[in-house]
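The values are calculated or read from the model by the stated rules, or taken from the named source; none is laboratory data. This one's a predicted model, so the numbers in the text were calculated from it and none came from an experiment. We place every Cβ from the backbone using ideal geometry, glycine too, and count neighbours over all the protein chains shown. These accessible areas exclude ligands, DNA and RNA; they are computed on the full protein's heavy atoms, side chains included. Shrake-Rupley method; radii C 1.70, N 1.55, O 1.52, S 1.80 Å.
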Amino acid sequence: MKKLFVLAVVALMTTVSASAQQMFIKPMVGATLATFSGDVHDNKMKVGLVAGAEFGYNFAENMGVTAGLLYSMQGSAIKDEDPKYKLDYLNIPVLFNYYIIPGLAVKAGIQPGFLMRAKFDDADIKDYMKKFDLSVPMGLSYEISDFVIDARYNLGVSNILKDNKGFVWDGKGRNSVIMLTVGYKIPF
C-alpha cells in the first residue's frame, strides 16, 4: 500500500510538472544605458543598442530559467566632452525567473560577456581592455500576450581594464548597464 501511494504521488507530480513545463525562444531588441563604476571619474551614461534572443524553460507554474545570446553596446561618455568609450560585448545571460503573479517575473542570474570591439573616439583600445567581463543581471519583466517588456540592471563584478598604468584611469573599472528590451515569446 505504501509503495502504491508513493507511486501515485510521483505520477501526480509528473503530470502537474509536465503541464507546467513550457519552452520558448524570445527574440528581443532594445536599448542600453551604460557607464563605468569603480575608480572611474567624470563619466556619464551612454545610450546603445542591445539585440539577440533568449531560450526559456518554465519548469513550474511560477518558475523558469532563461539563457541567451545578446549583442550589447556598452561603454561610457565623458562629462562635458564629445569622445565616448564604445565597448561592444557578446553577452550570455543565464537567469532564474520567479513569477510573482501571472506575467510579472522577478529575475536574477549571472552573465559572462566577451569583448568584441573597444574604441575611444575613433582609436582602437581593445588591447587595453580585458576580453572577459562578468556581471550579475537582475530585473523585472512583464508579459502582455506573447510580448515581453524587460528591464534589467547588469552589475559588473569584474575589472574590465588591464593593468596599464596611466591609460584612461588608474585602478579598477566595471561595467554598469541598464537594459530595456521588448521581446516576443515563440513557444515550442
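Tabulated data for the structure shown
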| read-out | value |
| --- | --- |
| Which numbered condition Pro112 misses (of (1) under 16 Å from Gly52 (Cβ atoms); (2) under 11 Å from the mean Cα position of the chain (by Cα); (3) in contact (Cβ under 8 Å) with a residue 24 or more places away in the chain) | (3) |
| Residue check for Ala8: at pLDDT below 90 and assigned to a helix (DSSP H, G or I) | yes |
| Residues satisfying the stated conditions in the range 22-43, i.e. more than 17 Å from Ile186 (Cβ to Cβ) and either of a type in the set (Val, Ile, Thr) or surrounded by fewer than 14 Cβ atoms within 10 Å (Cβ to Cβ) (or both) | Thr32, Thr35, Asp39, Val40, His41, Asp42 |
| Residue within the range 84-106 that is at pLDDT below 95, surrounded by 14 or more Cβ atoms within 10 Å (Cβ to Cβ), of a type in the set (Phe, Trp, Tyr) and assigned to a strand (DSSP E or B) present | yes |
| Residue ID - most open to solvent (accessible area, probe 1.4 Å), chosen from residues in the range 135-156 that are of a type in the set (Asp, Glu) and farther than 15 Å from Ile101 by Cα | Asp146 |
| Pick from the range 112-134, criterion open to solvent by 50 Å² or more (accessible area, probe 1.4 Å) and part of a loop (DSSP other than H, G, I, E, B), ranking: modelled with the highest pLDDT | Lys131 |
| Residues that are closer than 13 Å to Pro93 by Cβ and open to solvent by less than 40 Å² (accessible area, probe 1.4 Å), drawn from the range 52-78 | Gly52, Ala53, Glu54, Gly56, Thr66, Gly68, Leu70, Ser72 |
